[in-house]
Amino acid sequence: MLWIIPYLFLTPWLIGLLLFSTIPILSSLYLSFTNYNFVNSPNWIGLKNYVAMFTSDPQYLQAMKVTFTYVLIAVPLELAFALFLALMLNKGIRGLGIYRAIYYVPSLIGGSVAIAILWQQVFGEHGIVNQVLGTIGIDMPSWVGTPDYAIWSIILLKVWQFGSPMVIFLAGLKQIPQDYYEASSLDGAGRWKQFLHVTLPILSPIVLFNAIMQIISSFQAFTPAYIISNGTGGPVNSTLFYTLYLYQNGFGNFQMGYASAMAWVLLIVIACFTGLVFLTSKKWVHYGD
């Protein structure tokens, strides 16, 4: 009977997993095949929600386009900036712990409502960004109020949240033996070649991990788009993120069946992107063996 003791300790977690994860997930899968509006009982309609997404809902396709643009631009920029700062902090400067803590702060508060409101003001028509640009003779409209620039203000907010991948990169850089750099320098390799042929190959598993984590979080981005656009996805649907449109359908239009179907499509999209990264990693990720 000793075999049951570990499961007794796991019982609270298993109950939580069942009540707060498994049952809601299965319920949303069922609701995705129904027409449900919170008031009436779910009405089974089969695949109509899924068909409607791609055939009769232009806003859905716009939400997909905006989200893909955000992910494909913001994630590489964030990782590149995080790696650059990690390389700078890896120079053995004094007070490294203080700098590391300061640079990590944006990751802690960047996803909050307060920062999104602040960002809305900073990139507004009379915000500090336009004031600085105005001093050098560059007149810009409101970043968050212009369709061509609104998405870029949210991308910059994502890049600003570089702290988490930066700390992970920095931990990886600390594990690279100095012998590799000394040997490569004897062979005539400069800093750029050392970065390409020593640092990046050894750091590639960490690059893979950070890329996967940031791709997943970027597809789930909601708060910045909701706050900056006042919940509309504007101007002209230029910030209509997938999660924001899902929220509008589920809690604004009370189309919970349609919103559940959107959630499952998002899950499939994230799984496909993650799988694609893993498949391509065979060509550029190098492990110790």
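We did not get these values from a lab; they are worked out from the coordinates using the rules stated. What you are looking at is a predicted structure, and each value in this text was computed from that prediction instead of being measured. Positions of Cβ are generated from backbone atoms using ideal geometry, with glycine treated the same way; all protein chains shown enter the neighbour counts.
Worth a mention:
- Partners for LYS65 among aspartates and glutamates (Cα-Cα distance below 17 Å; same-chain residues under 8 apart left out): ASP57, ASP148
- Histogram of C-alpha separations across the range 212-286, 5 Å bin width, %: 3, 15, 20, 20, 18, 10, 7, 5, 2, 0
- Computed extension length for TYR50-ALA114: 19.5 nm, one decimal, from 0.36 nm per residue of separation with the Cα-Cα distance subtracted.
- Note on the chain: helix-only mean residue ellipticity at 222 nm, from DSSP H runs of 4+ residues weighted -39500 (n - 2.57) and normalised by residue number, equals -21500 deg cm²/dmol.
- Listed residues SER218, THR232, VAL277: farthest to the positive end of the dipole of the chain (Cβ charges): VAL277
- Projecting the Cα atoms of THR11, LEU108, GLY252 onto the charge dipole of the chain, computed from C-beta unit charges around the Cα centre, puts THR11 farthest toward the positive end.
- Within the range 199-240, all pairs of alpha-carbon atoms sorted by distance into 5 Å bins from zero give the percentages 6, 21, 16, 13, 12, 10, 9, 8, 4.
- Calculated from the alpha-carbon coordinates, the range 110-177 shows an Rg and a Dmax of 16.0, 50 Å respectively.
- Under 20 Å of direct C-alpha separation, and excluding same-chain neighbours fewer than eight residues apart, LYS174 reaches these aspartates and glutamates: GLU182, ASP289.
- Remark on the range 1-89: Rg and Dmax equal 22.2, 59 Å (Cα only).
- Annotation: Cα Rg of the chain relative to the compact-globule expectation 2.2 N^0.38 Å equals 1.22.
- Taking amide H positions as modeled 1.01 Å from N, with prolines and chain starts lacking one, the residues under 5 Å from ASN35 and 5 or more places away or on another chain are ASN43, TRP44, ILE45.
- Values of log10 I(q)/I(0), in the order q = 0.14 Å⁻¹, for the range 171-242 under a Debye, Cα-only, solvent-free model: -0.62
- Rounded to the nearest 10 degrees, the inclination of helix 4-17 to the longest alpha-carbon principal axis of the chain is 70 degrees.
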